[in-house]
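Trainee: Mind having a look at this structure? Questions to follow.
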Amino acid sequence: MKSTPLRGYPVPECEPPLVKDASDIIQIKNLADAIDADVEALTNEANPLIFPVAGKMNITGLVMGVTEFVVPYNNISWVTRSDMADIDTGVMVIPESGFYQWHLWAGVDSATNAQMRLRLMVNDFPTGVWGGFSTSVATVTTQSSTHDVSLFLSAGDRVTTQVRHNLAGSNTFHSAIHLLQLARS
C-alpha cells in the first residue's frame, strides 16, 4: 500500500483507471488509525508547552512578630497539576523533575523602611541568595519585595519562601509564590 511522503499515512488504493473505487474499508480504517496515532503522539509531545507545570499560592494577613520567618502559604490561587500545592504544610510540591522559574513576592503593611528580603526554601533548606530590598516610600503604607530564581528541582521537592526584615514588633505580611516549569528533565 502507498503512503503519504511526509507523515507516512497509508493511502487507500483504487483500481485503474480510477473510475471504480476498489479500496477496502480496512484501508480506510488503517488510514484513520494512523492519523489518530500521529495526532496523539504530537499532542503528547506538545503538551508540556501547551499545558506546562505552573501555579501560584498566596497568603494574606499573616501577622508575624519575628524578623525572619518561612511563609506558610494557605491559599491556592491556581495550579496546572492538582498535587502540586500542599495547604497543610504551606508549600508548593514539584510534580516532575526539571528546570523551574520561581517568582517570590512579599509585602508588609508598614510605612517604616523594612529592608525586606526574600529567599527560596527547598525541602526546609535555604537555597540561593537573598533577593531584593524593599524600601519605604513617602505616603505609601505598604512596601514589597520580589525575587526571581531559576533552578533545577526534583520530583517531590517542597518549595516555599523565607522572609527577612528589620521591623520591630508584630507586622502584617502578604506573600505569593509563582512557578513555571521551563524544561522537563
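We did not get these values from a lab; they are worked out from the coordinates using the rules stated. The structure presented is a predicted model; accordingly, all values stated were derived computationally and were not measured. Every residue, glycine as well, gets a Cβ built from its backbone with ideal geometry; the counts of neighbours run over all protein chains shown.
Trainee: Helix-derived [θ] at 222 nm for the chain: sum -39500 (n - 2.57) over DSSP H runs of at least 4, divide by residue count, nearest 500?
Mentor: Calculated mean residue ellipticity at 222 nm is -5000 deg cm²/dmol.
Trainee: Another question, then. Could you compute the net charge surrounding Leu42? Neighbours are other residues with a C-beta less than 14 Å from the C-beta of Leu42; K and R count +1, D and E count -1.
Mentor: Net charge in that neighbourhood comes out at -3.
Trainee: Further question on the same structure: From the phi of every residue in the range 166-176, what ³J(HN,Hα) in whole Hz does the Karplus formula 6.51 cos²θ - 1.76 cosθ + 1.60 yield, where θ is phi - 60° and glycine or proline is x?
Mentor: Karplus-based 3J(HN,Hα) across the range 166-176 equals 10, 7, 8, x, 8, 9, 9, 10, 9, 8, 9 Hz.
Trainee: Quick check: the angle from helix 25-50's long axis to the longest principal axis of the chain, C-alpha only, nearest 10 degrees?
Mentor: The angle comes out at about 20 degrees.
Trainee: Computed over the Cα atoms of the chain, what is the convex hull's projected area averaged over all directions, in nm²?
Mentor: Averaged projected hull area, Cα only: 16.1 nm².
Trainee: Here is a further query. Which of rounded, prolate, oblate describes the range 117-185, given a ≥ b ≥ c as roots of the alpha-carbon gyration tensor eigenvalues and a/c under 1.5 marking rounded, otherwise prolate only if a/b is larger than b/c?
Mentor: Judged from the Cα gyration tensor, the range 117-185 comes out prolate (a/c at least 1.5, a/b above b/c).
Trainee: So for the chain, averaging the separation of alpha carbon pairs under 8 Å that are six or more residues apart and normalising by length, what relative contact order in percent results?
Mentor: RCO, the chain: 27 percent.
Trainee: Let me ask something additional. Chymotrypsin sites (Phe, Trp or Tyr not before Pro) within the range 124-185: which are DSSP loop residues with at most 15 other Cβ atoms inside 10 Å?
Mentor: Answer in residue order: Phe133.
Trainee: Additional query: Residues with beta-carbon under 13 Å from that of Thr161, excluding Thr161: net charge, scoring Lys, Arg +1 and Asp, Glu -1? Please list the in-between numbers first.
Mentor: On the way: positive: Lys56, Arg117, Arg119, Arg158, Arg164; negative: Glu68, Asp124, Asp148.
After counting each charged neighbour, the total is +2.
Trainee: Ala85: net charge of surrounding residues, Cβ under 12 Å, Lys/Arg +1, Asp/Glu -1, itself excluded? Could the numbers behind the result be given before it?
Mentor: Working: positive: Lys56, Arg81, Arg158; negative: Asp83, Asp86, Asp88.
Computed value for this residue: 0.
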